[in-house]
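Scroll down for the structure; my scribbles are underneath it.
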Amino acid sequence: MSWMDGFKFDLDEDCKMLQQAARTFAEGEVAPLAAKIDREHYFPRELVQKMGSMGFMGACVPTEYGGAGLPQIAYCLIVEELAAACASTSIIMSAHNSLCLSPIVEFGSSEQKKKYLPALASGQKLGCFSLSEPGTGSDAAALTCTVTKHGEEYIVSGAKNWVTNGPVADVCVLFATLDKGKGYKGVTAFVHELALPGIVRGKPEDKLGICGSPTCGITYNEVKLTKANILGEEGKGFNVAMSTLNGGRLGVAAQAIGIARAALRDALQYSKERKTFGQPISEHQTIQNYLADMIIGIDSARYLTLAAASAKDRGEKYVRQAAMAKLLASETAMHAATKCVQIHGGYGYVKDFPAERHLRDAKITEIYEGTSEIQRLVIAGSLLKE
Ligand code: COS
């Protein structure tokens, strides 16, 4: 047991074995590619295939649909290990699982599950989630992508933005409105293949961090879908979106913990090697204070994340806990990455060391799948409702 494992959480033997398998894979096969993935904005398709064969690409999908049938807690442990090696790889995997596969598992008909899940769970196909738009992010119910009914057909027109995995995905969970005047009650969720006439993907965004995780906008020009594409019930799509994001926040929390862990790992190593005033900087109390604050944040965030995941696994309410975990973990990642850069001094500000990458990768965790400001609204809202 090392500092990376944190408190003794109540993990069963299967979870511990999975965590170890994920760590061995992440350290042996993902970490060596991390710098290239970041620098060259390289999409690591070979890692997606390997994660597919390890069961990671269908982590929580029931085994009857080709998934690994894992609980959320195991999923979070895997995401953390991947993120500690490479944040881009972790989000490619977690956006696919949390945002595309999970709503199909939760809301899909048995035909939809049979049609989409096996190829997605094996990593043969990649999934994405199309909710945000150029003009609507936090205010998800204000979406304007429109769907009109023509007999049996549902025709979709509009623009989506910030679609993680968008440039390379095969299957998409989409949200569009049948009646904008009805607000969130007009929203319907769909699941569809991306290779359809009328779908145009924008050019990949040139992002600050998670540079190997490709993101783009998607334009729908009178795209023809049918009733068979509706995920859940017509007009109940907002519920699909919110429920998906609740679970997705656990994945982002785990990702943020992994990034924070990478920052602490590199800060520890550098502080033992670098000398000032005649001794390693790890001997200076100021540096020790930074290191202490970093591990306190990491262990606290992991504890909250695993507790929220465990509540979800038990079928208990976990919305507030997931929002708290995502908020704490993402702020911990930013804090740890900032201190990691500070401990490295000038070397933290150049690309020869991974410290600056951790800082760039950490920032997005405070933004996507609900900004920190939205998490605070969700947390306070749930308190006030009790
Ligand atoms: N989980 C489950 N249901 C939720 C929910 C949640 N976290 N938040 C809201 N709902 C439900 C409400 O219960 C309500 O349903 P009922 O009328 O059946 O009770 C419905 O959704 C509307 O709720 P509300 O009026 O509170 O919705 P708002 O439009 O005010 O928005 C927030 C609520 C801000 C919480 C929501 O828009 C949100 O989460 N925004 C962030 C979106 C996001 O994360 N975007 C990034 C996507 S990554 S591409």
>> Nearest 10 degrees is fine. How inclined is helix 110-121 to the longest principal axis of the chain, computing both from alpha carbons?
In response: 30 degrees
> How would 305, 371, 148 rank on accessible area, largest to smallest, probe 1.4 Å?
Replying inline: 148, 371, 305
>> Computing the accessible area with a 1.4 Å probe over protein heavy atoms, can you report the carbon and sulfur percentage for the range 3-126?
In response: 53 percent
> Which links in 115/363; 16/351; 224/385; 50/227; 203/351 stretch past 32 Å when you go from one Cα to the other?
Replying inline: 115/363; 16/351; 224/385; 50/227
> Counting only protein chains, not ligands or nucleic acids, how are 245, 383 ordered by accessible area (probe 1.4 Å), most first?
Replying inline: 383, 245
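Could you state the per residue volume, in Å³, of the convex hull enclosing the Cα atoms of the range 155-293?
Working: hull volume 20.4 nm³, N = 139.
It comes to 147 Å³ per residue, whole-number rounded.
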> Under the classification rounded if a/c is under 1.5, otherwise prolate if a/b is larger than b/c and oblate if not, where does the range 3-126 fall, given a ≥ b ≥ c as square roots of the Cα gyration tensor eigenvalues?
Replying inline: oblate
>> Tell me the per residue accessible area of the chain using a 1.4 Å probe; a whole number in Å² is fine.
In response: 43 Å²
> Any idea of residue 374's accessible area? Nearest 10 Å², probe 1.4 Å.
Replying inline: 40 Å²
> Once both axes come from the Cα atoms, what is the angle between helix 372-385 and the longest principal axis of the chain, in degrees from 0 to 90, rounded to 10?
Replying inline: 70 degrees
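Which translational diffusion coefficient, to the nearest whole µm²/s, is obtained for the range 325-386 from the Stokes-Einstein equation, given a Kirkwood hydrodynamic radius over C-alpha pairs, 25 °C and 0.890 mPa s?
Numbers: Rh = 12.7 Å.
Roughly 193 µm²/s, to the nearest whole number.
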>> Could you compute how much accessible surface residue 179 exposes when probed at 1.4 Å, giving the result in Å² to the nearest 10?
In response: 60 Å²
> Over the chain, what is the relative contact order in whole percent, taking alpha-carbon pairs under 8 Å and six or more residues apart?
Replying inline: 16 percent
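How big is the C-alpha Rg of the range 245-324 next to the rule-of-thumb value 2.2 N^0.38 Å, as a ratio? Kindly include the intermediate steps, with their values, before the conclusion.
On the way: Rg = 16.7 Å, N = 80, 2.2 N^0.38 = 11.6 Å.
Cα-based Rg divided by the globular estimate yields 1.44.
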> At a probe radius of 1.4 Å, what is the per-residue accessible area of residue 318, in Å² to the nearest 10?
Replying inline: 30 Å²
>> Given a 1.4 angstrom probe, I'd like the percentage of the accessible area of the range 128-235 that is carbon and sulfur, rounded to a whole number.
In response: 53 percent
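By average Cβ neighbour count within 10 Å, what is the ranking of 325-334, 195-204, 62-71 from highest down?
Numbers: 325-334: 27.9, 195-204: 13.0, 62-71: 17.6.
Highest-to-lowest ranking by the protection proxy: 325-334, 62-71, 195-204.
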>> With angles folded into 0 to 90 degrees, how steeply does helix 285-313 sit against the dominant principal axis of the chain? Use alpha carbons for both and round to 10.
In response: 30 degrees
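Quick check on the chain: helices-only [θ] at 222 nm, where DSSP H runs of length 4 and up contribute -39,500 (n - 2.57) each and the sum goes over total residues. Nearest 500, please. Each step should come with its number before you reach the end.
On the way: 12 runs with 186 residues, N = 386.
Mean residue ellipticity at 222 nm (helix-derived): -16000 deg cm²/dmol.
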> When the C-alpha atoms of the range 239-385 are aligned to their principal axes, what extent does each axis show, in angstrom, from largest down?
Replying inline: 58, 25, 24
> In what order, largest first, do 53, 102 sit by accessible area if the probe radius is 1.4 Å?
Replying inline: 53, 102
> Where a Cα-Cα gap under 20 Å defines reach, which lysines qualify for residue 275, not counting those fewer than 8 residues away within the same chain?
Replying inline: 339
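Structure shown: which of 180/236; 160/317; 125/312 lie over 23 Å apart, alpha-carbon to alpha-carbon?
On the way: 180/236 13 Å; 160/317 30 Å; 125/312 27 Å.
Pairs exceeding 23 Å: 160/317; 125/312.
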> Rounded, prolate or oblate: which fits the range 54-168, taking a ≥ b ≥ c as square roots of the Cα gyration tensor eigenvalues, rounded meaning a/c under 1.5, else prolate when a/b beats b/c?
Replying inline: oblate
>> Considering just Cα atoms, how many Å³ per residue does the convex hull of the chain enclose?
In response: 133 Å³
> Taking Cα centroids, how far is the range 310-327 from the range 14-78 in Å?
Replying inline: 22 Å
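The values are calculated or read from the model by the stated rules, or taken from the named source; none is laboratory data. Fair warning: this is a prediction, and the values are worked out from it, not measured in the lab. Here Cβ is always computed from backbone atoms with ideal geometry, including for glycine, and neighbour counts include all displayed protein chains. To get the accessible areas, we keep the full protein, side chains included, count just its heavy atoms, and leave off ligands, DNA and RNA. Shrake-Rupley method; radii C 1.70, N 1.55, O 1.52, S 1.80 Å.
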